[in-house]
Amino acid sequence: MNQKSSFLKFLKLGQLKTNEHTVLAILAVIVGLAAGLGAVGFRYLINFFQTLAYGSPSELLEVVETIPWSYKVGIPAAGGLVVGPLVYFFAREAKGHGVPEVMEAVALRAGVIRKRVVFVKTVASAISISTGGSVGREGPIVQIGSAIGSTLGQALNVSADRMRALVGCGAAAGIAATFNAPIAGSMFALEVILGDFGLATFSPIVISSVVATAVSRAFLGDTPAFIVPAYQLVSAWEFPIYLVLGLFCAVLGVTFTKTLYGFEDLFDNFKFPEYLKPVIGGAILGVSGLFVPQILGVGYGAMDLALGQQLAWWLMLLLVAAKLLATSITIGSGGSGGVFAPSLYLGVMAGGFFGILVHHLFPNVTASPGAYSIVGMGAVVSATTHGPLAAILILFEMTGSYEIILPLMFSCIIATIASGQLMKDSIYTLKLARRGVDIREGKEVNVLKSMHVKDVMSPHVETVSEEWSLERTSDKISKSKYNSFPMLNSENKLSGILSFNDYSEAMFDEDLKFIVVAKDLASSDVVTVSTDDDLYTALGKISRYDFSTLPVVSPHDPQQLVGIVSRRDVIGAYEKAVLKKSLFQN
């Protein structure tokens, strides 16, 4: 008896009759408990490593002010020295902010995440954050929680749809436990990770979020992530001002996204051992921290100061630029951590600066700058993630303040719309788009992108030689089921393609039979695919040029013919994959 049947038998003990929703609800509880404990353990692990590194688990901004300058530079570099090899040699999915990897697993691998990711991501991100890396906790815990859900699903051999639901449960539980925000955690998983608001998915995700939040509160207490004074909308005239704030935050969010991936490209092109690049990033970060220590770590200490209106306008503007660069360097060089908290940081500083400016210009119709800091947090998160519902709810639950909800909703929607016009991809989906994965295109496209030409091609190819006479070529064509043929030169390398349009008229000209050779008729402009190309690419070329077949070449030599792939091969593979998926769902 396998694990799945044993587990289902356990669920039916007594007179309990299980169905799809009952099974998922019970699994959601298990994932919520595990992810909640994982989030709590992750927090404790960060405190443990920070104590090892700096001698205290207190707020990092307070700690770094008491240590020598050499420690401020050396500790982030030492953190990179540990994180780089750990990620490079054990689980490269743990590099960066983690959420795109979860989204890719949901879209292309039916939610399957390698089990080792839980351990490697936990340790790597905890070290990055605790040694001063300018990253957040939410990305790692989303990946950790999702990996827990995926591991449970793999152990029970559940269907693809159940697997995705469990991954969503893990992501929601992680966010909920990290920010003490069960509603926002559910919305983040549904809106950003899964893109599915169906009741069958919604129910287990909510259950998992509630359970994880209960676990987190049992260990860490029931307090909002940020303590803010009471703010409210002073006048209806503020709405045009909040519209401008939304546009400002949209530009900032897009700038952050582009800068982040610009630094990733910069470090990727830097000729240096991959596993040592985080050392360089850590050293640069440490030097920067000598001048602006507020950028080190998650940055909640500096954010509290901004919300309490204890920072000067010029310092907040400086911290926007410094944090943007610090996070980009940390992640671009190979560090491990999230971008959600840095987005909050940028928003609170940009909103605070904006609030001071407009309050100075229009003191009678505007709220104090702290209100704009809160709204700025949500607006920048909306601009970077393209997830306004999750941003609104997370800010509402993190602050525990309802009075600012109207301008928060307004600015978040404006920021989302404007950032979408400036850049179609979010900070999460852009990473996937750069790999050729487009979440917006739907499951059908991603099914094709998950399969490769080498898996469906035929290695048996009917070819013609450049030197064949028209008579010999005609004899070959008459006995073949194909109407186009790859042409090889004397070195058996692909040199052209002989199609029906090329030879159809010449075949019936008796005067040309012994004069013309295949090379005279064939086209040297050959459209090919590589064995490593995905089926979406192959189908795109077949459809664009209205071909029935395409020559397949080696990825190392574009003239080395290794097979042929047809439209029928691609469609057949797709239908088989979809059928297999539907069978496993039952």
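The values are calculated or read from the model by the stated rules, or taken from the named source; none is laboratory data. Everything numeric here is computed off the predicted structure, so don't read it as measured data. Note that we place each Cβ from the backbone using ideal geometry, even for glycine, and neighbour counts take in every protein chain shown.
For the reader, a short list of remarks on this structure follows.
- Within the set Phe354, Phe291, Phe340, the sole residue that is among the aromatic types (Phe, Trp, Tyr), outside the structural domain of Glu138 (by TED's automatic domain parsing), crowded, with 24+ Cβ neighbours inside 10 Å and within 30 Å of Leu86 (Cβ to Cβ) turns out to be Phe340.
- Test result for Pro76, touching a residue at least 60 places away in the same chain (Cβ under 8 Å), buried (at least 23 other Cβ atoms within 10 Å of the Cβ) and touching a Phe, Trp or Tyr at 6+ places or on another chain (Cβ under 6 Å): no
- Close pairs from the stretch 444-455: first in the same structural domain as Ala573 (by TED's automatic domain parsing), partner of a type in the set (Gly, Ala, Ser) and modelled with pLDDT of 75 or more, Cβ under 6 Å, at least 6 apart: Met451/Ala573; Val453/Ala538
- The set of residues in the stretch 381-419 that are closer than 16 Å to Phe188 by Cβ, among the small types (Gly, Ala, Ser) and touching a residue at least 60 places away in the same chain (Cβ under 8 Å) comprises Ser382, Ala383, Gly387, Ala390.
- Hey, Gly133 in the same structural domain as Tyr44 (by TED's automatic domain parsing) and closer than 18 Å to Val112 by Cα or not: no
- All positions within the stretch 367-409 that are out of contact with any helix residue (DSSP H, G or I) (no Cβ under 7 Å at 6 or more places or on another chain) and at positive phi: Gly400
- Contact map, the stretch 552-578: residues that are over 12 Å from Thr528 (Cα atoms) paired with residues that are outside any helix (DSSP H, G or I), Cβ distance under 6 Å, separation 6+ or inter-chain. Pairs shown: Arg567/Ser548; Ala573/Met451.
- Unmet requirement for Gly334, which otherwise passes all of (1) at pLDDT below 90; (2) in a helix (DSSP H, G or I): (2)
- Residues (at pLDDT 75 or above and polar (S, T, N, Q)) located in the stretch 224-236: Ser235
- For the stretch 227-268, a residue qualifies if it is closer than 19 Å to Cys412 by Cα, among the polar types (S, T, N, Q) and in a helix (DSSP H, G or I), and the qualifying residues are Thr255, Thr257.
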